[in-house]
1. Give the stretch 134-143 a look and list any residue that's surrounded by fewer than 21 Cβ atoms within 10 Å (Cβ to Cβ) and within 17 Å of Thr95 (Cβ to Cβ), or say none.
2. If only one of Gly86, Gly19 is modelled with pLDDT of 85 or more and surrounded by 10 or more Cβ atoms within 10 Å (Cβ to Cβ), which one is it?
3. Based on what the data block shows, is Asp107 surrounded by fewer than 13 Cβ atoms within 10 Å (Cβ to Cβ) and either touching a residue at least 40 places away in the same chain (Cβ under 8 Å) or in the same structural domain as Ala146 (by TED's automatic domain parsing) (or both)?
Amino acid sequence: MSRPTRPRSTVVLALLAFGATLLPLTAATGYFLWREQQLAGEVATLEHRLEELDKEMAPNGHLDQLRGQMLARKNVVDVMQEPQRGLQAALALTTQIPANARLLVLDVDDRSLSVRLAGADAAASTQLLERITAAGFSDATGAAPAADGATALSARLDPARFKAAAAAQGTTR
């Protein structure tokens, strides 16, 4: 016959079964908590590295502004290196002064050309005005000789005409 079971042994068996059920659950919970901490550490390390990279990239963040400044400086350098066509054209005119005239003053600034000639008659003044216009200057005008016999000629610098005149002469860069 079978021996009657004790009530205490049933409780012990029930507790052992319950413990056996909790053991894998406890192990799984422990593993997931450990893995969560491990991933949190990796995330913190990556966030720290991203912050360092952001600090390294901060000077490069203004590249568009720096590029604009560099282009502006390049334009200034280009203008400074560009030959002053008005001055070159005016100096070339000094070799074309008619024989009976003598150059007294040659003044070239960023907007105009002024020439004073001594001993120039009307034909020589007209001839020089034509040469001034052909050299790329605009609005070339001459005044009647002054009391001292000097004739004043003037013209306006026109960069567009200088390029066209230089291209016609074959002296462009």
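The values are calculated or read from the model by the stated rules, or taken from the named source; none is laboratory data. Just so it is clear, the model here is predicted, and its values are computed rather than measured. Don't worry about glycine lacking a Cβ; one is built from the backbone with ideal geometry, like all the others, and counts go over all protein chains shown.
1. Matches in the stretch 134-143: Ala134 only.
2. Every option except Gly19 fails the conditions.
3. Details: surrounded by fewer than 13 Cβ atoms within 10 Å (Cβ to Cβ): yes; either touching a residue at least 40 places away in the same chain (Cβ under 8 Å) or in the same structural domain as Ala146 (by TED's automatic domain parsing) (or both): yes.
Taking the combined requirement at face value, the residue satisfies it.
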